[in-house]
Amino acid sequence: MAMKWALGILWLLSPVLATNSSRPNILLLLMDDMGWGDLGVFGEPSKETPNLDQMASEGILFTDFYAANPLCSPSRAALLTGRLPIRNGFYTTNDHARNAYTPQEIVGGIPDSEILLPELLKKAGYVNKIIGKWHLGHRPKYHPLKHGFDEWFGSPNCHFGPYDNRQRPNIPVYRDWEMIGRYYEDFKIDHKTGESNLTQIYLQEALDFINKHAATSQPFFLYWAIDATHAPVYAARSFLGTSRRGLYGDAVREIDFSIGKILNLLKQKGIDKDTFVFFTSDNGAALISAPNQGGSNAPFLCGKQTTFEGGMRVPGIAWWPGHVAAGQVSHQLASIMDLFTTSLSLASQDLPVDRFIDGIDLSTVLLQGKVIERPVFYYRGNELMAVRLGQYKAHYWTWTNSLEELSQGIDFCPGQNVSGVMTHAQVEHGINPLLFHMGRDPGEKYPISVLSTEYRDAVTRISSVVRQHRDTMIPGQPQLNVCDLSVMNWSPPGCETLGKCITPPRSEPWKCVWPH
């Protein structure tokens with residue numbers, strides 16, 4: 001079985017297509033820092049996500065769905081390439097097992113050598129649009145329209161700010177090739193009240209795109225990657241103060257409302273049966289921002305930045321009326337990278353044959369209710385931290401964040417303390433990995449005894465998978481090692497027209513520091 005994984009899981013990749021539509025529209029709804037415990041369907045007691053809960057009741061709820069990394073940029077790169085960040089270059093080698101992403105000063109981005117989902121869907125005749133956060137590099141050569149997208153409305157970076165445009169420029173917002181303004185200047189985000197119309201703007205962009213293409217024979221791919229649940233959290237005025245969970249809940253309620261609008265439009269246009277929709281998040285909730293600016297990963301341990309379940313197990317809902325049977329709950333181990341492979345399968349498009357693809361084709365899971373045995377690899381930077389196979393998860397390294405950071409109030413696991421599991425130094429468990437049974441102990445509180453037969457049998461199976469994985473691993477060129485103030489968003493394309501160009505400082509690259 002391990003050899004089949006090592007051979008690129010080609011045995012899983014034959015297309016399994018529905019009879020009524022050989023090329024469905026594909027709509028991927030990617031949230032930012034939204035936790036597994038944020039949805040009513042997963043038990044959130046406020047029950048403030050009626051549209052997402054209905055989406056789950058009309059499709060498949062994935063209880064064991066994973067991000068590819070506990071941080072935004074690497075996970076997004078993995079979604080669009082079908083490959084682990086260690087393969088596609090979205091990691092750092094500056095320090096061991098450090099999380100890294102794409103702030104303004106990062107020099108790297110998605111390499112030209114990577115083949116992205118929209119590039120392959122374009123070959124199958126799709127028109128492609130991204131709405132929201134790109135986060136795979138902000139320099140012109142990394143622009144999403146150079147990597148298969150036909151349209152873009154959104155930003156290359158997260159909505160941090162406001163900045164003074166002297167030490168650091170405000171983040172640009174693009175329409176297609178050129179910026180049309182900057183956050184906090186032309187697009188309001190009020191830190192005091194949390195008010196912003198960005199989600200409503202992103203919603204309207206999605207509705208307009210669907211309306212435009214609903215009546216055509218050309219299939220579309222819409223990647224709706226909004227960021228309202230990433231701190232600083234925001235919501236439209238009409239949603240402020242409406243949630244029992246504070247501002248974060250307001251943002252979730254607006255997102256739920258927006259997704260309801262999108263799904264209803266698909267039904268009104270009569271293309272719901274021709275559109276495959278998947279909802280998920282780029283990583284777990286950022287507990288460091290909780291409770292008012294962050295969500296919930298209940299019942300899992302820790303959150304964003306860690307390779308405990310709270311950092312990487314995320315919501316997953318598949319919806320395709322007439323093809324995916326309603327009311328299903330799947331315990332398939334699935335990954336955000338599978339959306340790459342599955343989307344290409346549904347579009348009757350071949351996978352690249354010159355590279356290892358980590359995502360598997362979930363077509364048989366979606367259309368026939370099957371379950372495929374496969375591992376899930378938990379990476380943090382350049383280190384394989386843990387592996388899940390079946391019900392068992394083995395930690396080869398543990399680390400939350402340093403005691404020094406903890407003393408400064410940086411805590412990825414507030415209110416949680418599992419002795420010997422949550423470590424504030426990088427601890428290797430290579431000889432005797434920490435082992436947990438995810439069915440009995442999803443909170444990773446009770447390590448299985450190394451003296452037990454259960455431990456020996458499970459670790460033997462997992463160790464074989466790890467050996468095969470490491471033997472076939474060829475890391476990509478790391479993209480997140482070098483920083484330079486001169487590459488920030490000083491003068492993006494279109495700034496001349498708006499009179500918003502800023503002279504960049506002299507180039508002085510340095511080795512990026514990633515504290516955790």
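The values are calculated or read from the model by the stated rules, or taken from the named source; none is laboratory data. Computed from a predicted model, the values in this text were never measured in an experiment. All Cβ positions, even for glycine, are placed from backbone atoms using ideal geometry, and neighbour counts span all protein chains on display. What goes into the accessible areas is simple: the full protein's heavy atoms, side chains included, and nothing from ligands, DNA or RNA. Shrake-Rupley method; radii C 1.70, N 1.55, O 1.52, S 1.80 Å.
For segment 338-345, the criterion of being over 21 Å from Phe276 (Cα atoms) and either in contact with a Gly (Cβ under 6 Å, 6 or more places away or on another chain) or at pLDDT 95 or above (or both) is met by none of the residues.
Meeting the requirement of 1 or more residues that are open to solvent by less than 30 Å² (accessible area, probe 1.4 Å) and among the charged types (D, E, K, R), the helices (runs of 4 or more DSSP H) wholly within segment 305-368 are 309-312, 338-346. Exactly one residue among Thr242, Thr193, Thr229 is more than 22 Å from the chain's Cα centre (by Cα), assigned to a loop (DSSP other than H, G, I, E, B), closer than 25 Å to Leu265 by Cα and among the β-branched types (Val, Ile, Thr), and that residue is Thr242.
Here Gln391 clears all of (1) in contact with a strand residue (DSSP E or B) (Cβ under 8 Å, 6 or more places away or on another chain); (2) of a type in the set (S, T, N, Q); (3) crowded, with 17+ Cβ neighbours inside 10 Å; (4) over 19 Å from Trp514 (Cα atoms) except the condition numbered (3).
Of the set (1) touching a strand residue (DSSP E or B) at 6+ places or on another chain (Cβ under 8 Å); (2) open to solvent by 30 Å² or more (accessible area, probe 1.4 Å); (3) under 30 Å from Pro144 (Cβ atoms); (4) of a type in the set (S, T, N, Q), all apply to Gln426 but (3).
Yes/no per residue for (1) out of contact with any strand residue (DSSP E or B) (no Cβ under 7 Å at 6 or more places or on another chain); (2) outside any loop (DSSP other than H, G, I, E, B):
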{"residue": "Val418", "(1), (2)": "yes, no"}
{"residue": "Asn432", "(1), (2)": "yes, no"}
{"residue": "Arg461", "(1), (2)": "no, yes"}
{"residue": "Gln468", "(1), (2)": "yes, yes"}
{"residue": "Gln477", "(1), (2)": "yes, no"}
{"residue": "Asn489", "(1), (2)": "no, no"}
{"residue": "Trp514", "(1), (2)": "yes, no"}
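Looking only at segment 150-187, count every residue that is on the phi > 0 side of the Ramachandran plot and open to solvent by 10 Å² or more (accessible area, probe 1.4 Å) and tell me the total. Before the answer, list the steps.
Here is the first cut: in segment 150-187, the residues on the phi > 0 side of the Ramachandran plot are 154, 161, 165, 176, 181, 184.
Narrowing the set further to residues that are open to solvent by 10 Å² or more (accessible area, probe 1.4 Å) leaves 161, 165, 176, 184.
Residues meeting the conditions: 4.
With respect to the conditions (1) more than 30 Å from Leu480 (Cβ to Cβ); (2) under 24 Å from the mean Cα position of the chain (by Cα); (3) assigned to a loop (DSSP other than H, G, I, E, B), Phe209 falls short on a single one, namely (3).
Within segment 148-176, the residues that satisfy the criterion of being without any contact (Cβ under 8 Å) to a residue 60 or more places away in the chain and closer than 16 Å to Leu498 by Cα are Val173, Arg175, Asp176. So in segment 25-55, with the set limited to residues that are of a type in the set (A, V, I, L, M) and under 27 Å from Gln305 (Cβ atoms), which one is surrounded by the fewest Cβ atoms within 10 Å (Cβ to Cβ)? Ranking the candidates gives Val41 first. Restricted to segment 458-476, and to residues there that are hydrophobic (A, V, I, L, M, F, W, C), open to solvent by less than 40 Å² (accessible area, probe 1.4 Å) and within 24 Å of the chain's Cα centre (by Cα), the residue that is nearest to Tyr392 (Cα to Cα) is Val466. (1) crowded, with 18+ Cβ neighbours inside 10 Å; (2) free of Cβ contacts under 8 Å to residues at least 40 places away in the same chain; (3) not in a loop (DSSP other than H, G, I, E, B): which one isn't true of Pro447, the others all being true? Result: Pro447 fails condition (3) only.
Counting just the residues of segment 267-297 that are charged (D, E, K, R) and touching a strand residue (DSSP E or B) at 6+ places or on another chain (Cβ under 8 Å), which one comes out surrounded by the fewest Cβ atoms within 10 Å (Cβ to Cβ)? Write out each step before concluding.
As a first pass, look at segment 267-297 and keep what is charged (D, E, K, R): 267, 269, 272-274, 282.
Restricting the remaining residues to those that are touching a strand residue (DSSP E or B) at 6+ places or on another chain (Cβ under 8 Å) gives 274, 282.
On the way: Asp274: 20, Asp282: 29.
Looking at the filtered set, the residue picked out is Asp274.
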